[in-house]
1. Hey, can you tell me all the residues within segment 80-98 that are open to solvent by less than 50 Å² (accessible area, probe 1.4 Å) and β-branched (Val, Ile, Thr)?
2. For segment 202-226, name all the residues that are open to solvent by 40 Å² or more (accessible area, probe 1.4 Å) and either within 18 Å of residue 178 (Cβ to Cβ) or among the hydrophobic types (A, V, I, L, M, F, W, C) (or both).
3. (1) touching a residue at least 24 places away in the same chain (Cβ under 8 Å); (2) on the phi < 0 side of the Ramachandran plot; (3) open to solvent by 60 Å² or more (accessible area, probe 1.4 Å); (4) not aliphatic (A, V, I, L, M): which one isn't true of residue 53, the others all being true?
4. What about residue 148, is it free of Cβ contacts under 8 Å to residues at least 60 places away in the same chain and open to solvent by 80 Å² or more (accessible area, probe 1.4 Å)?
5. May I ask you to list the residues in segment 99-142 that are aliphatic (A, V, I, L, M) and crowded, with 16+ Cβ neighbours inside 10 Å?
6. On the basis of being within 27 Å of residue 91 (Cβ to Cβ), of a type in the set (A, V, I, L, M, F, W, C) and surrounded by 17 or more Cβ atoms within 10 Å (Cβ to Cβ), does residue 153 make the cut?
7. For a quick check of your reading of the model, give me the residue pairs whose first member lies in segment 87-104 and is free of Cβ contacts under 8 Å to residues at least 60 places away in the same chain, whose second is polar (S, T, N, Q), with beta-carbon atoms closer than 9 Å and at least 6 apart or on different chains.
8. State the number of residues belonging to segment 137-159 that are modelled with pLDDT of 90 or more and over 18 Å from residue 113 (Cβ atoms).
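The values are calculated or read from the model by the stated rules, or taken from the named source; none is laboratory data. Given the structure is predicted, the values throughout are model-derived calculations rather than measurements. Reconstructed Cβ throughout: ideal geometry from the backbone, glycine too, with neighbour counts over all protein chains shown. Quick note on the areas: whole protein, heavy atoms, side chains included, nothing else; ligands and nucleic acids left out. Shrake-Rupley method; radii C 1.70, N 1.55, O 1.52, S 1.80 Å.
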Amino acid sequence: MSISKNLQTSANPPESEIHSAGKGVINREYIGEFVYGGIDGAITTFAVVAGAEGASLGISIVVILGVANLIADGFSMSVGNFFSTKAERDNFRKHRQIEYWEVENLPETERQEIREIYAAKGFQGELLEKVVDVITADKDVWVDTMMKEELEMVIGEKTPYKTAGVTFISFIVVGAVPLLSYIFIDEDLTTGTSELFLYSCILTAFALSIVGALKSVVTEKNIIIGILETISLGGIAALLAYYVGGVLETMFM
C-alpha cells in the first residue's frame, strides 16, 4: 500500500469505525451527565431535608421544600448544561469556519503550518512533503487536521438538548430519593420525623453509593473510593445544613 493510501486511510477512517467510536463517546459522556446530575440532585435535596430536620420543621414543609428544590434546581442545572454544551459547539463551528476561510484564502500559509506541525512530529524530507500534499489535497481533511493539531479542538457528540434532558431526569430521579420516606409515610403510623430522617439517610446513602460507583466507571477510578467520596460529600453537606437549620431555629423560632 502506498504512503498516500496509508495517510488517507488514517485521516479518513472507515464509516463503521467512526460510528463505533462515536457510540462509545456518546455513552460515556451521557453517563457522566447522569452521574453528576444525580449527585447534585441527591446532595442538594438531602441537604434541604437535613436542614428542615435540624430546624424541627413538619413533614409537609420538608416535602414542599424538597420538591420545590428538585424542580427549581433541576431545571437550573439542566439549563446551565444546555447553554454550556451549546456554547462549546458554537465556538467549535466558529473556529472551523475561520479555518475554512484561511485554507481558501491563505493556502500557502496554511500549508506551511501543516508542514511545521508534522515536522515537529518527526517527518522529514520527501516523506514530509508527501504528508503535506495528501492532507492539503482534501479541504475537509485539511481543516480537520488544523482544528485538531493547531487549535486542539475536537467537537463532542453530546447535543445540548440531550445533555439538558439527561441532567434534568437524573437530578429528579436520584434527587427524589431523600424525600421518599416523607412522601410515602403511612398516615396511620405514628412515625416521628427523626425516624423518617434516619430512613432518608439510609436511602440517600444507598442512592449515592450507586451513583458513586457509576462515577468511578466514568472517571476510571477505584469503585470503593468513588462510593466513599460521594457518600462523604453528601454527608458533609447534610451535616452543615442540619446545624445551620438548628441555629436558625433558635434565632427566629
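1. Across segment 80-98, the qualifying residue is only 85.
2. 202, 203, 206, 210, 214, 217, 223, 224, 225, listed by residue number.
3. Failing condition for residue 53: (3).
4. yes
5. Result: 103, 114, 117, 128, 131, 132, 134, 135, 141.
6. No.
7. Qualifying pairs under 9 Å: 102/109; 103/136.
8. Matching residues across segment 137-159 total 0.
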